[in-house]
Amino acid sequence: MSEPGPMLRGARQWMAKLAAMRGGGVPDAPSLPVRDPWPGEPGRGARILKGEIEYCAATRPLHPGGFTATDASPLMLAHIHGFSWLRDLRALGTDAARSRARALIADWIETETLPALATAPPVTGARLAAWLGHYDFFAASADDDFRQMMMARLVHDARHLSAAMPIEARDGRAFTAIKGLIAASVALPDHAAFVPRALRFLVPEIERQIMPDGAHCERSPAAHLAALQDLTEIRALLQIGRAEAPPQLPGAIERMALALRALRHADGGLALFNGTAEDWPNLIDLVLSQAGRTGRSTASLAHSGFHRLTAGKTTIIVDAGTPPGPGMDRFAHAGTLAFEFSAGRERLIVNCGAAPASTTDWRDALRATAAHSTLIIADVSSSELKPDGLGRRPTNVELTRQEANGAHWLEASHDGWKKLFGAIHRRRLYLAESGEDLRGEDSVEADEPQSFTLRFHLHPNVTASIQQDNEAALLRLPSGQGWRLRAGGAALSVEESIYFGGPEPRRAEQIVLTSTQDGLQQVKWALTKMG
């Protein structure tokens, strides 16, 4: 399908603006109820009442008169102007929360000069869905002037969004734009033509973004969850509007739900790869229930490169895939061949998490290879970090996996340092059938010996202590369960780390194995349960 050029797109938007200027077609209220299906967080709602908003490890002021600010990160600005935080005010549920929602919406509408990002199609789509999805909460009891002003802006924005299709974003944001347009069409039956226009672009996006294994093209569990939320909402909106869903939609939802299960630890939260925090297990459960009937999680997402090893009560999730391509890598980290390890419902070895909405140095520090449980050569990340994605990156990630009698063996390699150092990182993992014995081997294959560091970041709830021989560390979980990490071929130490995987940043520790350039180019290590 060919996309319209800038001239045609501009003409459509001009016609949409002309239609809005002529007036008409603005109902007094939505004709059909459209309810946002996802829970909010009352604590965040209370912070909004105090004049600040928290999102993805970043906090910003949010109060009437503040919508002209442009000094926040693009992700935070998109969140602020997309209004999905109305969920948090709804979760708070007080009259003060309802009044604050109306005040902020009225102020946004009356703001003359909004940042350009505020009217970008994905942000507009999020805002349309949010205003309509929470209409009963903040607008049903409002005065006529507020409702007329808001409905007029809804119609205006829906027309502009329709004219902007297909949008330029090549990632999950396209689903958000399509969802908003469908929500507007369902709630505003006079604009039913928006549905076939939105569906015209939905199928190509599903085919382009959802891999055959069900993983999302951004290779981010967080982006995967958001895309699955959008697609389940789209399906529900089409049912409300009695519009026929394309046959590709239910199949994509089912595949994505299976893949999402593979990206969870036993505590219900997500694995921390490519811009992801643990997130709320209850939200993930709700998304899976909305997705409908799904089977057991798969052990291998072959197309995306995520692999799940389970034995006994142990879960290991490994990123053994090629980083996402340009245009899909806005959340991408330099974490190739990193893994996470959980024992039962307790996380033991983790990555450091993410702060994608932050404007501080933490955003890129958490994207670096050193913030992941993997190997790094000469303190240079395996992918080059850029503000809008990745530059240099691994182009060849090879993997072999075998299973026998409940045990797992995995060997993987990547060439992220091939151009810089002529080096290949190879990682071998063996998980015994009991789940209580993990053996690892990390090596650097290069013509010239390289100095490298191997890191095992620990969850903040884990305490580490070096044993007397300085060749092992004892790791103690909150339950009292103990694990011993032993290593040969590198110096072992315990160092400080930080964890951005939960609601607040927390201090943590990491086991660091350091090799010298003239030493062995191989480290063997073992993680075994004690007792």
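Taken together, the values in this text are just the output of simple stated rules run on the coordinates, not laboratory data. Every value quoted in this text rests on a predicted model; they were computed, and no experiment measured them. When we count neighbours, we look across all protein chains shown, and the Cβ atoms used for this are built from the backbone with ideal geometry, even at glycine.
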Scattering curve values for segment 44-142, log₁₀ I(q)/I(0), Debye with Cα scatterers, q = 0.13, 0.21, 0.25 Å⁻¹: -0.39, -1.11, -1.60
Rounded Å value of the spacing that divides the Cα centres of segment 181-230 and segment 125-152: 23
Magnitude of the charge dipole, segment 112-226, Cβ model with Lys/Arg +1 and Asp/Glu -1, debye to 20: 320
Cα gyration tensor, segment 300-529 - rounded (a/c under 1.5), prolate or oblate: rounded
DSSP-loop GluC sites (Glu not before Pro) across segment 384-428, with at most 16 other Cβ within 10 angstrom: E384
Debye equation applied to the C-alpha atoms of segment 23-85, log10 I(q)/I(0) at 0.20 Å⁻¹: -0.86
Residue-averaged 222 nm ellipticity for the chain, from DSSP H runs of 4+ at -39500 (n - 2.57), nearest 500: -10500 deg cm²/dmol
Distance between segment 276-337 and segment 403-473 - C-alpha centres, whole angstrom: 20
Dipole magnitude of the chain, debye to nearest 20 (Cβ charges: Lys/Arg +1, Asp/Glu -1, about Cα centre): 920
Cα-centre dipole for segment 236-377 with unit charges at Cβ (Lys and Arg positive, Asp and Glu negative), debye to 20: 360
Straight-distance crosslink candidates among lysines, where the alpha carbon sits under 23 Å from K418 and sequence neighbours closer than 8 are dropped: K386, K524
Of G45, G489, A508, farthest towards positive along the dipole that unit charges on Lys, Arg, Asp, Glu beta carbons give the chain: G45
